[in-house]
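Note sheet for the following structure.
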Amino acid sequence: MHVVQGTVTFDGQPIEAGRILFRQTEGDGSYKLEVKEGPSEIAITASRLIPGKFDNSNGTPEQMGEMYIPAKYNQKTELNALVTSGGQNQFVFDLMSK
């Protein structure tokens, strides 16, 4: 794992509040990142291609995808974690489709 950092601007001005997501194109379900100490609200999203479903609106068939993680884990998240100084800070999220 590697620490990444940088800045984000919009119309030349720094974005004061927001999120940035680095979405891996390959993965095994594990994660590692740096987070500030204190309470955090967790939002988890994931998408997958829908076999046999294509969008032809651009004149070229493009395979369609879907966000399949329920809203209670992202837009309406019920997930929280408390990050502590010197703590283990290992959080396992066992998500369920229903």
Residue list for region 52-87, restricted to those being part of a loop (DSSP other than H, G, I, E, B) and under 23 Å from GLY27 (Cα atoms): TYR68, ILE69, PRO70, ASN74, GLN75, THR77
Please give the number of the condition LEU49 fails out of (1) modelled with pLDDT of 90 or more; (2) in a strand (DSSP E or B). (1)
Please tell me if GLY6 is at pLDDT below 90, of a type in the set (Gly, Ala, Ser) and either surrounded by 10 or more Cβ atoms within 10 Å (Cβ to Cβ) or in a loop (DSSP other than H, G, I, E, B) (or both). yes
Taking region 82-92 as the region of interest, how many residues are loosely packed, with under 10 Cβ neighbours inside 10 Å and not small (Gly, Ala, Ser)? 3
Looking across region 11-34 at residues that are at pLDDT 70 or above and among the hydrophobic types (A, V, I, L, M, F, W, C), the single one that is surrounded by the fewest Cβ atoms within 10 Å (Cβ to Cβ) is LEU33
Which residue pairs have Cβ atoms under 7 Å apart, sit 6 or more places apart or on different chains, and have a first residue in region 59-88 that is under 23 Å from GLU37 (Cα atoms) and a second that is aliphatic (A, V, I, L, M) and in a strand (DSSP E or B)? TYR73/LEU79; THR77/ILE42; LEU79/ILE42; ASN80/ILE42; ALA81/ILE42
How many residues does region 53-81 contain that are within 18 Å of the chain's Cα centre (by Cα) and surrounded by 10 or more Cβ atoms within 10 Å (Cβ to Cβ)? 16
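The values are calculated or read from the model by the stated rules, or taken from the named source; none is laboratory data. Since we're looking at a predicted model, the values are computed, not measured. Glycine also receives a Cβ, built like all others from the backbone with ideal geometry; neighbour counts cover every protein chain displayed.
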